[in-house]
Protein chains: 2
Amino acid sequence: MDDIYFMKQALQEAHKAFDRGEVPVGVVVVANKRVIARAHNLTEVLNDVTAHAEMQAITAAADMLGGKYLTDCTLYVTVEPCPMCAGALRWAQLSRLVYGATDPKRGYSSISPFLLHPKTEVTAGVMADDCSDLMQLFFKKLR
Amino acid sequence: MDDIYFMKQALQEAHKAFDRGEVPVGVVVVANKRVIARAHNLTEVLNDVTAHAEMQAITAAADMLGGKYLTDCTLYVTVEPCPMCAGALRWAQLSRLVYGATDPKRGYSSISPFLLHPKTEVTAGVMADDCSDLMQLFFKKLR
């Protein structure tokens, strides 16, 4: 139940990205059942390939916590993270990753599951259809 | 010759990191034989695992170029990039990567060479001893 509740909030972030013409990916970071950071993809607006939702959320959560490790945090993201973001989550020693839609082409697991920290617990497929539908709608509009 | 010239500048950046108590990694980004961005690792100062030298340099170079792709750029870095940074360099479609010391434990190539963009040309081992000596000095001081 909690996972659906928080994924809905990540989806709200993804919708914000969609409305700004960005690939619609959204994130919330949760500690002690409280959202401590939220972000959406801003690579176009910021003209910066590193401005994925996850990267911004890691920076914001660390700032909130006053420490750079997310060892007691769950990160909810609407789409499977790419290798860059998985690598960042590894450095952050994230406790738990929950994602919606899988990304067979650009997701980290297409390269290696070892991109994540060995202690990071992974739950995939939460609200996968909603997350994936939003992505498909975005790319259909682009064509 | 050019590679040594620019790697020396990346090493200057690495020394700045060293002086601030950061893991000593430095970067310069070069376009048309001119340095368009320089950065050093700031993960401790900024309390942010994503603040690797490469990540900052990608953001700064894109800002300088007014476009998010580094398709006509060479990035010089004193130590082999980690998977997060390699993933970012892939998104940036970097033309050429030149690094000094290899990092058998945490370098991207320990996971997969496919973390980089297929078009990125790689030159390894430029001033490797100087780059590696600085890292070893840093970790010796920590113990």
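Data table
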quantity: Residue list for region A:94-124, restricted to those being among the aromatic types (F, W, Y) and touching a Pro at 6+ places or on another chain (Cβ under 8 Å); calculated: A:Y99, A:Y108
quantity: Of all residues making up region A:37-48, the number that are surrounded by fewer than 24 Cβ atoms within 10 Å (Cβ to Cβ) and farther than 19 Å from A:L70 by Cα; calculated: 7
quantity: Selection count where residues are in contact with a Leu (Cβ under 9 Å, 6 or more places away or on another chain) and buried (at least 17 other Cβ atoms within 10 Å of the Cβ), scope region A:91-129; calculated: 18
quantity: Qualifying residue in region B:107-116 (condition: small (G, A, S), in contact with a Gly (Cβ under 7 Å, 6 or more places away or on another chain) and facing chain A (nearest Cβ under 9 Å)); calculated: no
quantity: Check on A:L134, buried (at least 19 other Cβ atoms within 10 Å of the Cβ) and within 22 Å of B:R106 (Cβ to Cβ); calculated: no
quantity: Positions within region A:72-106 being within 12 Å of chain B (Cβ to nearest Cβ) and either under 18 Å from A:V35 (Cβ atoms) or among the acidic types (D, E) (or both), in sequence order; calculated: A:L89, A:A92, A:L94
quantity: Residue within region B:125-143 that is among the aromatic types (F, W, Y) and closer than 19 Å to B:D19 by Cα present; calculated: yes
quantity: Flag if A:A14 is within 12 Å of chain B (Cβ to nearest Cβ), crowded, with 24+ Cβ neighbours inside 10 Å, touching a strand residue (DSSP E or B) at 6+ places or on another chain (Cβ under 7 Å) and at pLDDT 95 or above; calculated: no
quantity: When residues of region A:32-68 are limited to those that are over 22 Å from A:S112 (Cα atoms) and among the hydroxyl-bearing types (S, T, Y), the one farthest from the other protein chains (Cβ to nearest Cβ); calculated: A:T43
quantity: Some residue of region A:22-37 being farther than 20 Å from A:M135 by Cβ, without any contact (Cβ under 8 Å) to a residue 40 or more places away in the chain and out of contact with any strand residue (DSSP E or B) (no Cβ under 8 Å at 6 or more places or on another chain); calculated: yes
quantity: Hits in region A:113-141 (condition: assigned to a helix (DSSP H, G or I) and among the hydroxyl-bearing types (S, T, Y)); calculated: A:S132
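The values are calculated or read from the model by the stated rules, or taken from the named source; none is laboratory data. All figures in this text were calculated on a predicted structure; none of them were measured in a lab. All Cβ positions, even for glycine, are placed from backbone atoms using ideal geometry, and neighbour counts span all protein chains on display.
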